[in-house]
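Engineer: Please read through the structure below; I'll follow up with questions.
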Amino acid sequence: MNFVESLKSAIQSIKGNKMRAFLTMLGIIIGISSVITMSSIGKGGQESITGDLKEGGYGKFNITIDKTDENFRWKYLLNEDIVKKLQESNKFKAVSPKISSNFGIKIDGDSRRQMVIFNATTPDYEEIDKVKMLYGRNLLPFEYENSEKVITIDNITAKDLYGNSKAALGQKLEIFKGRFGNPQTYKIVGVYQNPLEQMIKVMGGRRVPRFGRMPLPTYEKLYDSSQTGYTTIILESKTPEDMALSMTEARALLETITNEAELYDINVENNGAASFDSILSTLNIFVTFVAGISLFVGGIGVMNIMLVSVVERTKEIGIRKAIGATDFDILSQFLMESIILTGIGGVLGIGFGVVLAIVIGYFINIEPLFSLFTILVSLIVSMGIGIIFGVTPAKKAAKLNPVDALRAE
């Protein structure tokens, strides 16, 4: 019996007992769909949580002043002149002072006070540390030039203040530096996604840090920061791959500008995205592995049902052997049946898994990310299970004595 005849015989046998075929495939369908669903939802959730953080960290580095150095003098603080010369070198994509400070806001009148971390930004800073704007807009060039009293705030702060994010647009908000500083009134022109919201929620935290942004010239005008200089400058290399070269060039430029380059530390911007991404990747692999255990269980189900099939078809096997079928013919037919069943189960499992992931993702607000590699591996594994768990029943069928098989009732 050649390959084509074995294939036809296997298909006819499957068609002859559709319920048994379905039960054989069911374990594989559940196993494959579990792997596809868990993997795609896991990857989608991972990207949703760390996507903004990764974008905010790759290719960025900081220059900071070492105040503990014995040679430190206040005149060596980073300043606007240093920022300008670094920008004019055209060796970096963007250069900006990095200033953040705690500001107080009033929520529900005077009954509740909250601290918000405000970043004093420049156009270059907005390029380096991008945020996802939900409503409104980013700060405009003329607002920097004229030191306008405008701000953007994160969605959590906006919701606390006004009930929903969109309602915050155009509102006037009084904020004060520290807890009891003199209040200043600012206009809210934009609301952006809090970059830490998803990560904090996944880690089980309740209090998500609140953020806001205001023009650096406005900050300097009202709070006199320009009188003392900056402790940190943030830079972005032209491409993430060139960051090491950019860091070397930054140190060389500092030596040229200040003649005291050893006072400055240059470090990669670290917002925790890499570490958290690694944790989530490990967790995703573990969850997918657990889901994959169901494939093993499905394989045992395939073997058990195929063994039952051998018992049920003992007389058929005896007749085939009596008219000349070899052990290999019997073996190949049963093995072919097992591979076909698990292969079809794998395809159906992939389809069901994709649909299930989309439905679950819709309800939990996560866009699933499907991997072609995972799908192909799942299909190959399902057919491999057909071979591994189909060998035992196939061998049992092939080794049946034709005389004893013909006597079977």
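Engineer: What is the gain in length, in nm to one decimal, between S89 and I285 on full extension, counting 0.36 nm per residue of separation less the C-alpha to C-alpha distance?
Structural biologist: Extra length from S89 to I285 when fully extended: 66.1 nm.
Engineer: If we count every other residue with Cβ under 14 angstrom of D327's Cβ, Lys/Arg +1 and Asp/Glu -1, where does the sum land? Before the final figure, lay out the partial values.
Structural biologist: Numbers: positive: R320, K321, K395, K396, K399; negative: D329.
With Lys, Arg at +1 and Asp, Glu at -1, the net is +4.
Engineer: Which residues' amide hydrogens lie under 5 Å from the amide hydrogen of K98, considering only partners 5 or more residues apart or on another chain, with H built in the peptide plane?
Structural biologist: Amide H neighbours of K98, under 5 Å, 5+ apart: T232, I233, I234.
Engineer: By average Cβ neighbour count within 10 Å, what is the ranking of 210-219, 343-352 from highest down?
Structural biologist: 210-219, 343-352
Engineer: Once neighbouring chains are kept in place and the probe is 1.4 Å, which whole percent of the accessible area of region 277-409 is contributed by carbon and sulfur?
Structural biologist: 76
Engineer: Calculate, for region 256-374, the solvent-accessible area per residue in square angstrom, rolling a 1.4 angstrom probe over the heavy atoms of the protein chains.
Structural biologist: 53
Engineer: Compute the distance in nm between two label points, each set 7 Å from the Cα along the Cα-to-Cβ direction, one at K221 and one at F72.
Structural biologist: 3.2
Engineer: Taking only the C-alpha atoms, wrap a convex hull around region 271-386 and report its volume per residue in Å³ as a whole number.
Structural biologist: Taking the convex hull of the Cα positions in region 271-386, it is 122 Å³ per residue.
Engineer: When a/c reaches 1.5 or more, the comparison of a/b and b/c decides; with that in mind, is region 207-261 rounded, prolate or oblate per its Cα gyration tensor?
Structural biologist: oblate
The values are calculated or read from the model by the stated rules, or taken from the named source; none is laboratory data. Quick caveat: nothing in here was measured; it's all calculated off a predicted structure. Methodologically, a virtual Cβ is constructed for each residue, glycine included, from the backbone with ideal geometry; neighbour enumeration extends over all protein chains shown. Accessible surface areas use protein heavy atoms only, side chains included; no ligands, DNA or RNA. Shrake-Rupley method; radii C 1.70, N 1.55, O 1.52, S 1.80 Å.
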